[in-house]
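Below you'll find the structure, written out as structure tokens, and then a few comments.
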Amino acid sequence: MGPDGARTLGEASALDPAAKEYILIPGSYLLVVEAPGRATVRYPLELTRGEELAVHLNLLAGPLVPEGFVHVPAGRFWFGTAAFEEMRAWQSAVPAHLRETGAFLIAREETTFGQWIAFVEALPAERRELFLPQVMSGHSGTLLLSPSGGGWELRLQPNQHTYVVRTGEPLRYLDREGAAAEMDWLRLPVSGVSWEQASAYVAWLSETGKVPLARMCREDEWERAARGADLRIYPHGDALRPEDANFDETYGRRERAFGPDEVGRHPAVRSPFGLDDMAGNVLELAASVRAEGAVVLRGGAYYFDRTSSQVTNRNAFSRGDRLPTVGFRVCADVPGGLAAGR
């Protein structure tokens, strides 16, 4: 672990592909498997003293993993928090325990306004208004996406200042400096959409073949993709610096500096599976594994503190609610017959 709290990788070692077993010291590892014509697999695993662990991986043909997605093979990971009871209750988290998921696909980045607009434009004209991101009042700001002169207009009020930007224009944040002041707003994570609207979006991705078998993520899948196999607190380690992700301290808590960043602008917090923005930026919708049909929020957001960005933090959320600080990323099932393998 580095002095900044990041869990950095040690020196890489090549493994003999003909060998049937390897002897490793206890610890946390990242296995990277590549083969011609197959999608690369990153497989975090943690070994304890004296343990024998069998790993069976199905390497998917490259075309079966859509662009912008990663294949997470079936496997085990730590789910929940090892923190003291008061913190666990505050985060609505369960005590840390080993859990398994089957194989799935997950997007490297949060769904963007540009991707959402492509969905809206594909709808019949009379249905488009039903799927426009909109939050007209709320404690965490307002947001409205609307047609404008053959393009689109976004009105975003993260705090007290309202930004208005149209197709072809950059979003320029006040009270920010350098490159972080100007954003391509089509690359911002879409927010102000409900679980039901997001579910319609992933159904469209699946039906059109853009992302076959696309669906909303479950929270155990989300947590595994965020932390890998060990008990790290954030996607990249056990501490979060202001420059690592987009949360309340990143831009000095200045009133007009609050707001989402383009997806992928904070590689320091990239997860072991290679996913971006699983700490900060916007909270992400996920299906609860503790209550049938319930929805939770994961991952923190630009307006909330570093504790909210811990991978174990979860908050209940209504299926019909919408907030400017809440977005989502897409998951997908692995094609039939290929999901097993641990």
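A few comments on the model shown:
- Karplus-based coupling profile of the stretch 74-90, in residue order and whole Hz: 4, x, 10, 6, 7, 10, x, 10, 9, 6, 5, 4, 4, 5, 4, 5, 4, with θ = phi - 60° in 6.51 cos²θ - 1.76 cosθ + 1.60 and x standing for Gly or Pro.
- Placing Tyr29, Tyr173 in order of accessible area, with the largest value first and a 1.4 Å probe, yields Tyr29, Tyr173.
- At least 24 Å along the helix axis (C-alpha) and Kyte average at least -0.5, DSSP helices within the chain: none
- Measuring between their Cα centroids, the stretch 212-234 and the stretch 266-342 lie 7 Å from each other.
- Rg/Rh for the chain, where both radii come from Cα atoms and Rh is the Kirkwood radius: 0.97
- Environment charge of Val32, counting only residues whose C-beta is closer than 13 Å and scoring Lys/Arg +1, Asp/Glu -1: +1
- Inverse mean reciprocal Cα-Cα distance (Kirkwood Rh) of the stretch 191-256, Å: 14.9
- Computed [θ] at 222 nm, helices only, for the chain once each DSSP H run of length n ≥ 4 contributes -39500 (n - 2.57): -3500 deg cm²/dmol
- Length gained on full extension, Asp238 to Glu292, computed as 0.36 nm times the residue gap minus the Cα-Cα distance: 16.3 nm.
- Summed residue charge, Cβ within 9 Å of Arg7's Cβ, Lys/Arg positive, Asp/Glu negative: -1
- Accessible area of the stretch 129-187 divided out per residue, in Å², using a probe of 1.4 angstrom: 53
- Surface share of carbon and sulfur [accessible, 1.4 angstrom probe, percent] for the chain: 50
- Approximate spin-label separation Leu174-Ser13, in nm, with each point projected 7 Å along Cα-to-Cβ: 5.7
- Cβ charges +1 (Lys, Arg) and -1 (Asp, Glu), total dipole of the chain, debye: 320
- Estimated FRET transfer efficiency when R0 is 25 angstrom, pair Asp184-Ala118 (beta carbons, to 0.05): 0.95
- Sites Lys20 and Lys210 - FRET efficiency at Förster radius 45 Å, r taken between beta-carbons, to 0.05: 0.70
- For the peptides 115-121, 267-273, residues were scored by their other Cβ atoms within 10 Å and the scores averaged per peptide; the highest-first order is 267-273, 115-121.
- Along principal axes, Cα extents of the stretch 116-171, largest first, whole Å: 35, 24, 15
- By DSSP, the beta bridges lying fully in the chain are antiparallel in about 90 percent of cases.
The values are calculated or read from the model by the stated rules, or taken from the named source; none is laboratory data. Because the structure is a prediction, the values reported are computed rather than measured. Glycine also receives a Cβ, built like all others from the backbone with ideal geometry; neighbour counts cover every protein chain displayed. Remember, those area values only see protein heavy atoms, side chains included, never the ligands or the DNA or RNA. Shrake-Rupley method; radii C 1.70, N 1.55, O 1.52, S 1.80 Å.
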